[in-house]
Amino acid sequence: MVIIGYMVKEVKIAEFKAHLSEHLRAVRQGHSVLIKDRQTPIARVTPYQKSGDGLPVREPTRSLQEIDRMLDSRTGKRSRLKPGVLDRVLRRNKMDWLDK
């Protein structure tokens, strides 16, 4: 299986444990290892990549006004967010994510 230009090797837990150094060498070379318990994927070991913020920042696809209109049409009642509430919630969520 090839994903985004690098190989993904699928191994069972016992094989991963028995050949850990070999698998880590492959990861260091840019490959990924999918660890399975029988046929169920349980973990993926991928090459480490440094990133600036820790969270990718994506441009919004809709404005807050459009989202408000979508929510209003679904619930049938007016649900307005006070200015700054969404920013505080997202900032708190980001801090929780970075603490893990």
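Counting Lys and Arg as +1 and Asp and Glu as -1, each charge on the Cβ, what is the dipole of the stretch 2-45 about the Cα centre in debye, to the nearest 20?
Rounded to the nearest 20 debye, it is 40 debye.
Could you pull out every one of the lysines with an alpha carbon less than 28 Å from that of residue 82, ignoring same-chain neighbours closer than 8 positions?
94
Quick one: grab the alpha carbon gyration tensor of the stretch 2-45, order the square roots of its eigenvalues as a ≥ b ≥ c, and give me rounded if a/c is under 1.5, else prolate or oblate depending on whether a/b is larger than b/c.
oblate
Taking amide H positions as placed in the peptide plane 1.01 Å from N, state which residues far from residue 7 in sequence (5 or more) or on other chains have amide H under 5 Å from it.
The answer is 32.
We did not get these values from a lab; they are worked out from the coordinates using the rules stated. Not measured: the values here are computed from a predicted model. Neighbour counts are summed over all protein chains in view; Cβ atoms, including those assigned to glycine, are modelled from backbone coordinates with ideal geometry.
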